[in-house]
There are 2 protein chains.
Amino acid sequence: MKVTLLHIGDELLIGQIVNTNAAWMARALETIGARVVETIVAGDDRAHIQDALRRGLSMADAVLMTGGLGPTRDDLTKHALAEFFGVDMVFDEACWQHLQRLFERFGKEWNDAHRAQCLVPANARLLPNRMGTAPGMWFAHDGKVVVSLPGVPFEMQHLMEAYVLPGLKEHFRPEPRLHRTICTVGEAESVLAQKLASFEAELPPEVSLAYLPSLFEVRLRLTAKGADEERLRAMIDEQTEKLVAILGSCVFSTEGEAIEEALGRILRKHKLTIATAESCTGGHIAHKITSVPGASDYFLGGVVSYANEVKMNVLGVRAEDLHQHGAVSEPVARQMAEGARQVIGADLAVATTGIAGPTGGTPEKPVGTVWIAASLGDQTVARKYRFGKMRGRNIEMAAVAALAMAWELVVGRAG
Amino acid sequence: MKVTLLHIGDELLIGQIVNTNAAWMARALETIGARVVETIVAGDDRAHIQDALRRGLSMADAVLMTGGLGPTRDDLTKHALAEFFGVDMVFDEACWQHLQRLFERFGKEWNDAHRAQCLVPANARLLPNRMGTAPGMWFAHDGKVVVSLPGVPFEMQHLMEAYVLPGLKEHFRPEPRLHRTICTVGEAESVLAQKLASFEAELPPEVSLAYLPSLFEVRLRLTAKGADEERLRAMIDEQTEKLVAILGSCVFSTEGEAIEEALGRILRKHKLTIATAESCTGGHIAHKITSVPGASDYFLGGVVSYANEVKMNVLGVRAEDLHQHGAVSEPVARQMAEGARQVIGADLAVATTGIAGPTGGTPEKPVGTVWIAASLGDQTVARKYRFGKMRGRNIEMAAVAALAMAWELVVGRAG
């Protein structure tokens, strides 16, 4: 089945916010076997919305709209839709009761703008919004479907998962489609592609492989399409096993996890605690680790040692090594990791020291040079990386590389 | 003048990447007085590209396209354009020489795919790409303009700045437009709007005000339109001054800076150093500070004290206060800030301790409760915040609030 996405909002058109809804919705639709054929972003203008909706319907089986439903907005979308379908606006009592309960719970006052939110096109089936005040709306139209959702990402996501995806599946019965995302770190896409050349050539016709590269990580997505879901599941399990056997230790997850999630999972499993010692990554590793809910089960804390004095005084890095080898060096990275374990009292620590840029590079140590170390038990490993020229990318890549090194060390020791 | 954006690429449609080019281009176009009327994302399909281009031209004076120009791609866009304009493809010798120089410089081998990149529609004016191998293309068509750019963000941005914006300005001579972005922190959009009601009402007709809210920050953008640039500049200066006088200390920048940039600027100016002590923000404050190039001039380091043992052993928080008041409390926040100053040796420190969620809340201290403290000289201030239920948002808001508190303290003391 084909879908057109139609996003309404001047704030999108003028670039005040980036349209992240489109990518989220496309990925969600893909899981039920639906394909986005075009995405349109239109401004807060009734005639333009109707024209874009007409075009959207001419290209696809369904048009999913977001935006233009809030209490302070003009409720433009609803009126544009009523006019488009040639129906009146009606007051929905159930919607009003839901809103009043929401306001009671939060002890807030409602006003006329909120009452107006319960005025909806007569042909709308309302999708109750537990995350906000504007309901979603589902319209059946000449065998096609039009859905209107609020533009706030978590409200849209809630309504997509609760009503829209199941509803589209029910209505259009697209072919089943299963996915498995295998996450790798440290190998370039081209290297993986070479290793997987014959695996790819031998894939059964129902299964396909896609490469989703990002900074320092490559995700591999296996997709199986066909009529028999049970059989597809077995096929995808079998191919995942093959793929992991070929790629070995660069695979850290077969469930689409981020590296910090996979690391957290094995730390919890092995009852190990972790600490960080960060120079060039400036707290980004600790931030990634603590972005995972429940990280306090295994993350004790860290030191951001930007200045050399902090490396010496807090982490116990030896002054003579700083002097002799420089802050960006193997001995300093090792001593930072070992010092962090000691001062924080953790089983495991990772450390980074490098030149994030844009300045501070030298001919021997150009911008992007980073030493990373990890220490666990009686083992400390260290590796030198050479990333790029852009500060933000260097920080991100060094943080991912450090998390991957910690993961390797735990897996290597603990199986 | 009106512009349609047309982004080509299956990777956008399937949600593999988020379309950040659209927002960047819209903001860039706005600076020359051009307005985006619609954004279309279409897949790698020749007929679809041509249809979208036709629609784009029917709505606007210019269509700016991105994507579908790379060496490994099908070069679909170029062929679709040649067919659309009814012209042949021709080999561009200057483009080929440029490519050969690039390959020589990087010591790489060229292949037939690279030679094919120099095959362009006969009516194209080429825009040399210093950042990559695919040139941009400019087409004049019935008084309108079509531009095709590579989809890689920094290549697109380079070509926009070097050729497309100046070219559109030259061709369409849109009315001059000046902007000034005033950044505030800690006040809700509705509160600011109330304070600015009469300011807004009294704005001269050439000047308009827009609210750009994000988490815990609100940016206010003044825009002046008219024929006389000199006069507009004076008007916008005058209105900025008025606005700052009304809003007072919640304004941290009149130049569109992020709070970490503004903080860095005044720390550098007053030759002060800063340290962080983070519990619930988990390193995110340090990460924000160090995302600014040159942060090592004023940022010495920080401690992420997730576990209570780290709060006590590294930062010197008293065990009896942790026991009596709990980790999320005013005395602990204060001692963390003071402890960080001491252990890191910095002039100033900020500290956070709170419940990021989703678990860990209690009736007295629900998820989203955060104590933030800042310490400078003989002064330590602390404030309790109540953010929301979502972990990621709580971490982000607490980090911004902490940076704002540091900024206030420096401005308050140092003027």
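Values quoted throughout were computed directly from the atomic coordinates according to the rules given, and no laboratory measurement underlies them. Given the structure is predicted, the values throughout are model-derived calculations rather than measurements. In this analysis, Cβ positions are derived from the backbone assuming ideal geometry, glycine residues included, and neighbour counts consider all displayed protein chains.
When the Gaussian network model of chain A links Cα atoms closer than 10 Å, the mean-square fluctuations of A:Val147, A:Val292, A:Val251 top out at A:Val292.
With +1 on each Lys and Arg Cβ and -1 on each Asp and Glu Cβ, how big is the dipole of segment B:2-172 about its Cα centre, in debye rounded to the nearest 20? Mind showing how you got there, number by number?
Details: 16 positive and 21 negative charges, 91 e Å.
Rounded to the nearest 20 debye, it is 440 debye.
Does segment B:177-253 come out rounded, prolate or oblate by the C-alpha gyration tensor, with a ≥ b ≥ c the root eigenvalues, rounded set by a/c under 1.5 and, if not, prolate when a/b is larger than b/c and oblate if not? Because a/c hits 1.5 or more and a/b exceeds b/c, segment B:177-253 counts as prolate.
Once you charge only the Cβ atoms, +1 for Lys and Arg and -1 for Asp and Glu, what is the size of the charge dipole of segment B:174-298 about its Cα centre, to the nearest 20 debye? For this selection, approximately 300 debye. The distance linking segment B:161-181 with segment B:369-388 is 44 Å (Cα centroid to Cα centroid, whole angstrom).
Taken about its Cα centre, the protein assembly as shown carries a charge dipole of roughly 1040 debye when the Cβ of each Lys and Arg holds +1 and the Cβ of each Asp and Glu holds -1. Copy-to-copy label distances for A:Ala227, where each label lies 7 Å from Cα along Cα-to-Cβ, are 7.4 nm in order of increasing length.
The string of couplings for segment A:400-408 from the Karplus curve (6.51, -1.76, 1.60, θ = phi - 60°) is 5, 4, 5, 5, 5, 5, 4, 4, 4 Hz, one whole number per residue in order, with x for Gly and Pro. With label points defined 7 Å past Cα in the direction of Cβ, position B:Ala197 shows copy-to-copy spacings of 7.3 nm, given to one decimal and shortest first. What would the Debye equation give as log₁₀ I(q)/I(0) for segment B:14-85 at q = 0.20, 0.25, 0.28 Å⁻¹, counting only Cα atoms as equal point scatterers? Results for segment B:14-85 at q = 0.20, 0.25, 0.28 Å⁻¹ read -0.97, -1.28, -1.36.
Summary value for chain A: 10 percent relative contact order, contacts being C-alpha pairs under 8 angstrom separated by 6+ residues.
List the lysines whose Cα lies under 20 Å from the Cα of B:Lys78, skipping any in the same chain that are fewer than 8 positions away. Filter leaves B:Lys144.
For B:Lys311, a cut-off of 30 angstrom between C-alpha atoms picks up these lysines, skipping any fewer than 8 places away in its own chain: A:Lys269, A:Lys271, A:Lys288, A:Lys311, B:Lys271, B:Lys288, B:Lys365, B:Lys384, B:Lys389.
Here A:Lys225 is the anchor, and the lysines within straight C-alpha reach of less than 18 Å, apart from those fewer than 8 places off in the same chain, are A:Lys2, A:Lys169. Amide H contacts of A:Val317: A:Met312, each under 5 Å away and 5 or more positions distant or on a separate chain (H built 1.01 Å from N in the peptide plane; Pro and chain starts excluded). Each copy carries B:Lys144; placing its label point 7 Å along the C-beta direction from Cα gives inter-copy distances of 2.2 nm, listed from smallest up.
Using a 7 Å offset from the Cα along the Cα-to-Cβ direction at both B:Glu309 and A:Ala116, what is the distance between the two label points in nm, to one decimal? Going from the B:Glu309 label point to the A:Ala116 one covers 5.9 nm. Its residues counted as N, segment B:212-352 yields a C-alpha radius of gyration over 2.2 N^0.38 Å of 1.36.
Using a 10 Å cut-off on Cβ to Cβ distances, tally the other chain neighbours for every residue of B:20-28 and report the average as a whole number. Don't skip to the end; give the middle numbers.
Working: counts 4, 2, 8, 9, 2, 1, 6, 3, 1.
If you average over the peptide's residues, the count of other-chain Cβ atoms is 4.
With the convex hull drawn over the C-alpha atoms of segment A:107-146, the volume per residue is 71 Å³. Helix A:76-85 and the longest principal axis of the C-alpha atoms of chain A enclose an angle of approximately 50°. If each Cα of chain A is one equal point scatterer, what is log10 of I(q)/I(0) from the Debye formula at q = 0.06, 0.07 Å⁻¹? Debye intensities relative to I(0), on a log10 scale: -0.36, -0.48. Taking a ≥ b ≥ c as the square roots of the eigenvalues of the Cα gyration tensor of the protein assembly as shown, is the shape rounded (a/c under 1.5), prolate (a/b larger than b/c) or oblate? In terms of gyration-tensor shape, rounded. Sites counted here are trypsin sites (Lys or Arg not before Pro) in a DSSP loop (not H, G, I, E or B) having no more than 12 other Cβ atoms within 10 Å; the longest part of chain A that contains none of them is A:131-270. For the pair segment B:15-32 / segment B:92-150, the C-alpha centres are spaced 22 Å from each other. Note on chain B: with a GNM built from Cα contacts shorter than 10 Å, the maximum mean-square fluctuation among B:Pro176, B:Pro135, B:Pro205 falls on B:Pro205.
With a ≥ b ≥ c taken as the square roots of the eigenvalues of the C-alpha gyration tensor of segment B:80-167, please select rounded if a/c is under 1.5 and otherwise prolate if a/b is larger than b/c or oblate if it is not? Spell out each step's value before the answer.
Values: a/c = 2.38, a/b = 1.34, b/c = 1.77.
It comes out oblate by the Cα gyration axes.
Measuring nothing but how far apart in sequence close Cα pairs (under 8 Å, 6+ apart) lie, relative to its length, segment B:247-360 scores a relative contact order of 31 percent. Per residue of peptide A:45-56, the mean number of Cβ atoms on other chains within 10 Å of the residue Cβ is 1. Measure nothing fancy, just the Cα-based angle from helix A:46-59's long axis to the longest principal axis of chain A, in degrees from 0 to 90, nearest 10. That works out to roughly 80 degrees.
For the rotational copy relationship between B and A, the axis lies nearest to a chain B beta carbon, identified with its distance in whole angstrom as B:Gly283, 2. I'd like the FRET efficiency for A:Lys269 and B:Tyr211, computed as 1/(1 + (r/R0)^6) with the beta carbon distance as r and R0 of 45 Å, rounded to 0.05. The computed FRET efficiency comes out at 0.40. In segment A:204-325, taking the dipole from charged Cβ atoms about the Cα centre, the farthest positive-side position among A:Gly256, A:Pro293, A:His323 is held by A:His323.
Taken residue by residue and averaged, Cβ atoms of other chains lying within 10 Å of the Cβ of B:363-375 number 0. Alpha carbon centre of segment B:193-251 versus segment A:305-340: separation in Å? About 49 Å separates the Cα centre of segment B:193-251 from the one of segment A:305-340. Largest GNM mean-square fluctuation among A:Pro331, A:Pro128, A:Pro363, using chain A with Cα springs under 10 Å: A:Pro363. The alpha carbons of segment B:2-172 give a radius of gyration and a Dmax of 15.2, 46 Å, in that order.
Considering Cα pairs under 8 angstrom that are at least six residues apart, work out the relative contact order of segment A:119-205 and quote it in whole percent. Intermediate results must be reported in sequence, preceding the final value.
Numbers: 54 pairs, mean separation 14.6, N = 87.
Normalised by residue count, the contact order of segment A:119-205 is 17 percent.
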